[in-house]
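As structure tokens, the structure follows; a few thoughts come after it.
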Amino acid sequence: METNKLLNLVKKHGSPLFIIDHDIIRENYQRFKKALPGVQAYYAVKANSELEIIKTLFDEGSSFDVASYNEFMDVYNLIDRWREKKKEFFIWDKIVFSNTIKDRETLRRINKYEPLVTYDNMDELIKIKENCKKAGLILRLKVPDTGSQVEMASKFGAEPGDALSLIKKSFDFGLKVEGLSFHVGSQCTNFENYVSALDITSEIFNEARKRGYELDIIDVGGGFPVPYDFNGPRFEKLADILNKEFKRHFSEDTEIIAEPGRFFVATSSILVSEIIGKARRDRKIFYHINDGVYHTFSGVVYDHWIPNFYSFKRGKKEICAVVGQTCDSFDKISLAEHLPKNLGIGDYLYTKNIGAYSTASSTKFNGFEGAKILHVNN
Ligand SMILES: Cc1ncc(COP(=O)(O)O)c(C=O)c1O
């Protein structure tokens, strides 16, 4: 979006202003489908759970990966009025509960929908058997996540060596394992992770089939990288690798699905913040803005994200710090920005590519509400 448009919007709506452009979400969805035509895309709602985003992707034909009952209901509300049979089919075909650990109450509530759910350990399997007998299961495997911005392997995934016994146990319990999944870590620019994950997964998948277990889904998770900086490898290069690996490892009747989160929404949003204080501290200028790491910049903490700041003004640049509005000294967004020297209180800054894992994990710390969210082109 051009800078004069951004300024007009912020003058009209106030700051901080979080602008979500739905044309970009549609473009990202179509780009994914074009590069990976055989893959059913389940949008990982956790990346940005704004209802308008869910609706836009729903209209595009997306499926959904939900982490909780509330996220499930956010999708369900779009189909609530449909005929019962059509609704059942949608839930069965287009929703996956990808959180490997679900509380018992959630499992009891979703049982009637015969949901697709993931698991990665024996205790979860017993819990599913006792509370969600109608579920279809996906076993999540631990795979390498080397170099990914957010690592996953230390918290999720069954050891590959345990996989066949976890599959057998599920069938012994009368539960059906439908497939295998993995997540190579979020913002994965090391494509070797996907190659290794598919090596590991295909070996287990093909061995399970040989033993008579009719698995048919491979879920390649999320991790699809966004061009935060210009040096990163392109998504299309990854898609080429994936398409070749799918052909190499799996027969035609295998259903390949994915759970992209960041890829659909990160580039859709811009935040405009305002400088509300300026101070020289230890020979460096600190700009205090009306947002911060407890709010829209929460991704700096939870997503290990390095944001960028741009000014609407031009001028000779200097190194400065940009910090948040709260009383907490932890609330520092960046200690090394290059911004024009002549900025002052009331000037605006903007940050691009902030659509994923930002407002989704924003708090109301110190009594600050967080940015106003503005949807455009929806
Ligand atoms: C199980 C699962 N699937 C998908 C995603 C989305 O990942 P990404 O945003 O990297 O595409 C996540 C992110 O945490 C996840 O935990």
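Bear in mind these aren't lab numbers, they're just calculated from the coordinates by the rules spelled out. Here the structure is a predicted model, which means the values were calculated and not measured. Positions of Cβ are backbone-derived with ideal geometry, glycine not excepted, and every protein chain shown enters the neighbour counts.
Just a few scattered comments:
- Efficiency of FRET between residue 123 and residue 168 - r from beta-carbon atoms, R0 22 angstrom, step 0.05: 0.85
- The antiparallel fraction among DSSP beta bridges confined to the chain stands at about 40%.
- Inter-centroid distance (Cα atoms) of region 202-227 relative to region 260-333, Å: 40 Å
- Gained length - residue 342 relative to residue 366, 0.36 nm times residue gap less alpha-carbon distance: 5.7 nm
- Shape call, region 23-265: gyration tensor on alpha carbons, a/c limit 1.5: oblate
- Shape call, region 22-115: gyration tensor on alpha carbons, a/c limit 1.5: prolate
- Most fluctuating residue given options 84, 274, 130, as computed from a GNM of the chain linking Cα atoms under 10 Å: 84
- Annotation for residue 210 and residue 313: the two label points, set 7 Å from Cα along the Cα-Cβ direction, are 6.9 nm apart.
- Placing +1 on each Lys and Arg Cβ and -1 on each Asp and Glu Cβ, with no other charges, gives region 23-265 a dipole about its Cα centre of roughly 600 debye.
- Separation in nanometres of the label points that stand 7 Å from Cα toward Cβ, at residue 84 and residue 8: 5.2 nm
- Kirkwood radius and radius of gyration were both taken over the C-alpha atoms of region 219-349, and their ratio Rg/Rh is 1.14.
- Length released on extending from residue 335 to residue 67, taking residue separation times 0.36 nm less the Cα-Cα span: 93.1 nm
- DSSP bridge pairs, region 183-335: antiparallel proportion in percent, nearest 5: 55 percent
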